[in-house]
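The values are calculated or read from the model by the stated rules, or taken from the named source; none is laboratory data. Just so it is clear, the structure is predicted and the values come from calculations on it, not from any experiment. Here the Cβ is made from the backbone with ideal geometry for all residues, glycine too, and neighbour counts use every protein chain on show.
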Amino acid sequence: MADLRRHAINVLTENARDGYTAPAQGLYTHQHLWDSCFIAIGQRHYDVQQAMTSMYRLLSAQWDNGMIPHIIFEPGWRYWWNRRIWRSWVSGYAPRGVNTGGISQPPMIAEAAVRIGQVLPPGQQISWYRSIYRPLVAYHEWLYRERGGHGNGLVLQLHPWETGLDTTPPWLESCRNDPAPWWLDLMTATRADKLANHLRWDTRYVPASQRSSVTEALRLYDALRRIRKDKYDAAAVLRHPPFAIEDLTYNSILVRANTLLKNISDDIGEPLPASLESAMRKNEQAMASLWDQASGSYYSRDTRAGALLKEQSIAALMPLYSGCIETSRARHLADMLADPAIFGAPYPVPTVPLTSRWFKPTRYWQGPAWVNTNWLIIDGLHRYGLTGEAETLRRTTLELVRKSGFYEYYHPITGQPAGAKDFSWTAALAIDLLSAPDQT
Ligand code: 2M8
């Protein structure tokens, strides 16, 4: 295991840039929000300064309205959804002198901040918390103001990229009933989408069969274009949104982030604004409305249809991480995790159930196991006292990485690696899982 840790540090060192660590070479070279948080959670074990620097860099790109963008562009690197496509400058809230995305990603920053705090000496811990507290509060306030005003206390997301699980089936189901843009229909009719396959840039690094399809990618591009047309202003976008989903993963992570932010505020003796505390409470209570008794599962809700999106995905297990569900429900989710007809694979956790019609074992977010979602589940299981289940998943995750290398994702039945190689959050989270008390 000492070797695994050394190799993981090497991967992170190779992927390090000025002030942040890129998710991977070639395919993802800019700074991504939740990647940076997972990476910092690993880096804190051997270079806490680097972990802190990347968090400060994320916060330095915060928009004037409080949003922390899902990507910060670093000049000079190629990327298909690049700064000229995002054009963050169309919004009056975007920071000057840096180009970013116009949406956010799962709010993992409070988790990374607390994990960093845990390895700092007490005096330094408090000054660290003080230095990130206000921007974090502003970020959570933005989430409730911009994305929580529509109803019952949950926040909604406008684009699948905000969930981090880009092509996850429930989101793709949500656009199935919407007409595709005319130009995409035309492309499909003339088979130009097949031609476009040859022009793809991502497939230089990863086989097309492991990535999103051209049609999916262009559909997501169309959604981006529509949000950009409204200058990334949620109120305007919500008049005719391409997507408007109370995402289960996002809300689970936010509920946990709220608890951690509250802990930070207690530690530094600076109370949270009362309106934010009230929004946090409502959010937590509203999680129950995502439960479907008939099928015994949690789902995201499509606010346009006013209904739960009953397509199963790994999101179903994320309320474990939220920490706000009853113990009996947590137990039920742990049973789903072990069930071979749902998530019980040899190399868990598949991102859609093994028996789902969507299941494709090596296609991006539609079947493969990912180390970051495993980490969230392990953490949740531990907090519910489901220690045996947590330890089993920790061991199988480390075994997978040791067997197959630090890849972006893995075939959940064979353990075969897929996606980008030398992937940073896989390496970082392996370091963190190795540092857990009971090392394998
Ligand atoms: C993937 O997302 C980006 C778009 O945001 C992409 O496809 O280029 C997702 O896996 C996302 O969760 C991740 O943060 C990002 C970088 O690793 O890649």
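Here are some conditions: (1) within 16 Å of the ligand (Cβ to nearest atom); (2) in contact with a Gly (Cβ under 8 Å, 6 or more places away or on another chain). PHE38 meets all but one. Which one does it not meet?
That leaves (2) as the condition not met.
Scan (1) within 16 Å of the ligand (Cβ to nearest atom); (2) of a type outside the set (D, E, K, R); (3) touching a Pro at 6+ places or on another chain (Cβ under 9 Å); (4) touching a residue at least 40 places away in the same chain (Cβ under 8 Å) for the single condition TYR407 breaks and write down its number.
Here TYR407 meets the rest and fails (4).
Would you check which residues across the range 188-234 are among the aliphatic types (A, V, I, L, M) and not in a helix (DSSP H, G or I) and list them?
LEU199, VAL206
Can you tell me which of ARG145, ARG176, ARG134, ARG115 is in a loop (DSSP other than H, G, I, E, B) and away from the ligand (no atom under 16 Å from the Cβ)?
ARG176
Inspect the range 256-269 for any residue being assigned to a helix (DSSP H, G or I), within 30 Å of TYR409 (Cβ to Cβ) and of a type in the set (Gly, Ala, Ser) and give the result as yes or no.
Looking for residues that are assigned to a helix (DSSP H, G or I), within 30 Å of TYR409 (Cβ to Cβ) and of a type in the set (Gly, Ala, Ser), one finds at least one in the range 256-269, hence yes.
The rows are residues; the columns are (1) touching a Lys or Arg at 6+ places or on another chain (Cβ under 9 Å); (2) touching a residue at least 12 places away in the same chain (Cβ under 8 Å); (3) surrounded by 21 or more Cβ atoms within 10 Å (Cβ to Cβ).
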{"site": "PRO23", "(1), (2), (3)": "no, yes, yes"}
{"site": "TYR28", "(1), (2), (3)": "no, yes, yes"}
{"site": "SER36", "(1), (2), (3)": "yes, yes, yes"}
{"site": "ALA40", "(1), (2), (3)": "yes, yes, yes"}
{"site": "ARG84", "(1), (2), (3)": "no, no, no"}
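I need the full set of residues from the range 349-390 which are closer than 23 Å to ILE41 by Cα, within 16 Å of the ligand (Cβ to nearest atom) and of a type in the set (S, T, N, Q), in order please.
Of everything in the range 349-390, those that are closer than 23 Å to ILE41 by Cα, within 16 Å of the ligand (Cβ to nearest atom) and of a type in the set (S, T, N, Q) turn out to be THR351, ASN372, THR373, ASN374.
Under 9 Å by Cβ, and 6 or more places apart or on different chains, what pairs join a residue from the range 178-204 that is on the phi < 0 side of the Ramachandran plot with one that is loosely packed, with under 14 Cβ neighbours inside 10 Å and aromatic (Phe, Trp, Tyr)?
ARG200/TRP80; TRP201/TRP80; ASP202/TRP80
State all residues of the range 163-183 that are at pLDDT 95 or above and touching a strand residue (DSSP E or B) at 6+ places or on another chain (Cβ under 9 Å); if no residue qualifies, say none.
Of everything in the range 163-183, those that are at pLDDT 95 or above and touching a strand residue (DSSP E or B) at 6+ places or on another chain (Cβ under 9 Å) turn out to be THR163, GLY164, PRO170, TRP171.
Looking only at the range 65-94, which residues are farther than 15 Å from GLN31 by Cβ, away from the ligand (no atom under 12 Å from the Cβ) and aromatic (Phe, Trp, Tyr)?
The answer is TRP89, TYR93.
Kindly indicate whether ARG78 is of a type in the set (Lys, Arg), in a loop (DSSP other than H, G, I, E, B) and in contact (Cβ under 8 Å) with a residue 40 or more places away in the chain.
When the stated conditions are applied, ARG78 passes them.
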